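Read through the structure below, which is laid out as structure tokens, and then see the notes.
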Amino acid sequence: MKNTSRFICVTVIGAFILSTVPIISAQDWPQWRGTNRDGKLTGFSAPETWPAELTQKWTVKVGLGDATPALKDNKLYVFTRQEADEVIQCLDAENGKELWRDKYAARSVTGPAARHPGPRSSPTVAEGKVITLGVGGVLSCLDAATGRVLWRNEAFTDAVPDFFTSMSPIVVDGMCIAHLGGKDKGTLLALDLMTGKEKWKLTGDGPAYGSPVLMSVGGTKQIVLLTEKNLIGVSAGGGQLLWEVPAPNARMFFSCATPVIDEDKVFYTGQGQGTKAIRIEKEDDRFAVKTLWSNDELGTTFNTPVLKDDMLFGISKLSNLFCINAQTGQTAWVDTTKLDRFGSVLDAGSVLLGLSTNSELIVFQPTGKSYTELAKIKVAETPTLAHPVVAGNRVYIKDTETLAMWVIE
């Protein structure tokens, strides 16, 4: 009886101690815009008072590139350019030490895009594999644990978009899906993740610079993406075109945003076309598109809005943070501070996190009433085009050539 009482007492005391110690578990960020490609963090607890600065724990020179690193099981997958090679590195997220690397000769980046010779496409980590898409259209699949190349597809390296590839591949039901090709001639390609063999393909418009997302309507999984001319929905199972909406850009502009999904609704934006909302409805054996609203005042250039509490938050073509009511399409507010057209906004639960090329992490309230800034923290000395990767109290920042881990203390 005494032993039982002692066991119960120790258990209760242990539980109390554990409940009073803050436990920060690492969250994964395994692909473009996070687990569900929606820019939402999971399990993040914002401090009651934000510090004036973060604490840098380590920094590693990884190479040129604008691709956001992927984080999975406390490993970072970083895709960059080092001299004449494109390099995929796996780093220990605790200390930045390299675990493995693979490289191949990179295509030369010419014209206006030459200012950014490194990859823009973020790695995708799924089912024990890591997928990368190089600036010249080289699609690679590696074993995430060892870095061993499982397959590499170079069938679409003859033609690339005007500003080279930017789309980040998506993995759905054991398939790697990517939009490849060049201007006016593209192929949405699904490959078996294990073997690299073709499962299906759809030819048509050339690729744009955003990435595909997944939605489900009427029990049908659909790949939704902006091409250079249209917004389309494609059957994930067989590659059939299910619906299509014209999405023209203003002259000399391009589609660089990823569609935002909310159940059966799609929000999309682009240069010169504002922001729009549609609903996808199943009618017998076909799908119909219903226009919900159009906001011609606010559109993005090189960033994708995040949806939070029926509000869309993003960075406008004029470089201002903005908020649109996602139910009505009405402008809720536009901040007057100039940032840059490149950047990101992430949903961190009780707060929103923004990062533009000025390398300042901006913390603000997720409200449609007005812009309310909580903190502005410098996190790099050179421009930042990749998204921040946040896990627990850690913030990973990829700037022009380095990757750093910062800690919120």
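Where a number appears in this text, it was derived from the coordinates with a stated rule and is not lab data. Model, not experiment: these values are computed from the prediction. Note that we place each Cβ from the backbone using ideal geometry, even for glycine, and neighbour counts take in every protein chain shown.
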> Between A93 and residues 5 or more places away or on another chain, which pairs have amide H atoms under 5 Å apart, with H built 1.01 Å from N, and which residues are they?
Replying inline: K75, L76
> Plugging the Kirkwood radius over Cα pairs into Stokes-Einstein for the chain, at a temperature of 20 °C and a viscosity of 1.002 mPa s, what D comes out in µm²/s?
Replying inline: 98 µm²/s
> Expressed as a rounded percentage, what relative contact order does the chain have, with Cα pairs under 8 Å and six or more residues apart?
Replying inline: 14 percent
> Which distance in nm do the two modelled labels at E98 and K201 give, with both placed 7 Å along the Cα-to-Cβ direction?
Replying inline: 3.4 nm
> Under a Cβ-Cβ cut-off of 11 Å, what is the net charge of the residues other than A145 that fall near it, where Lys and Arg count +1 and Asp and Glu count -1?
Replying inline: +2
>> So if each residue of separation counts as 0.36 nm, and I subtract the Cα-Cα distance between K378 and R148, what length gain in nm does that give?
In response: 79.1 nm
> Where does the charge balance sit around W29 when Lys and Arg score +1, Asp and Glu -1, over other residues with C-beta under 15 Å from its C-beta?
Replying inline: +3
> Just in the stretch 58-131: which GluC sites (Glu not before Pro) are loop by DSSP and have at most 15 other Cβ atoms within 10 Å?
Replying inline: E83, E94, E127
>> Treating the stretch 259-333 as a set of equal point scatterers at the Cα positions, no solvent, please give the Debye-formula log₁₀ I(q)/I(0) at q = 0.15, 0.16, 0.17, 0.21 Å⁻¹.
In response: -0.47, -0.52, -0.58, -0.83
> Tell me, in nm to one decimal, what length is gained between D296 and D284 on full extension, where the rule is 0.36 nm per residue of separation less the Cα-Cα distance?
Replying inline: 1.0 nm
>> Which aspartates and glutamates, if any, have their Cα less than 13 Å from the Cα of K97, not counting same-chain residues under 8 positions apart?
In response: none
>> Quick check: the distance between the Cα centres of the stretch 193-265 and the stretch 130-146, to the nearest angstrom?
In response: 21 Å
> Taking amide H positions as placed 1.01 Å from N in the peptide plane, with prolines and chain starts having none, which residues 5 or more places from A391, or on another chain, fall under 5 Å of its amide H?
Replying inline: Y396
> What's the longest bit of the chain with no exposed trypsin sites (Lys or Arg not before Pro), using DSSP loop states and at most 13 other Cβ atoms within 10 Å as the test?
Replying inline: 1-96
>> Counting only helical runs of four or more DSSP H residues, what would the 222 nm mean residue ellipticity of the chain come to if each run contributes -39,500 (n - 2.57) and the total is spread over all its residues?
In response: -1500 deg cm²/dmol
>> Can you compute 3J(HN,Hα) from phi for each residue in the stretch 223-230, using the Karplus curve 6.51 cos²θ - 1.76 cosθ + 1.60 with θ = phi - 60°, rounded to whole Hz and x for Gly and Pro?
In response: 8, 10, 7, 8, 8, 5, 10, 9
> Taking H as built 1.01 Å from N, whose amide H comes closer than 5 Å to the amide H of D85, not counting residues under 5 places away?
Replying inline: A106
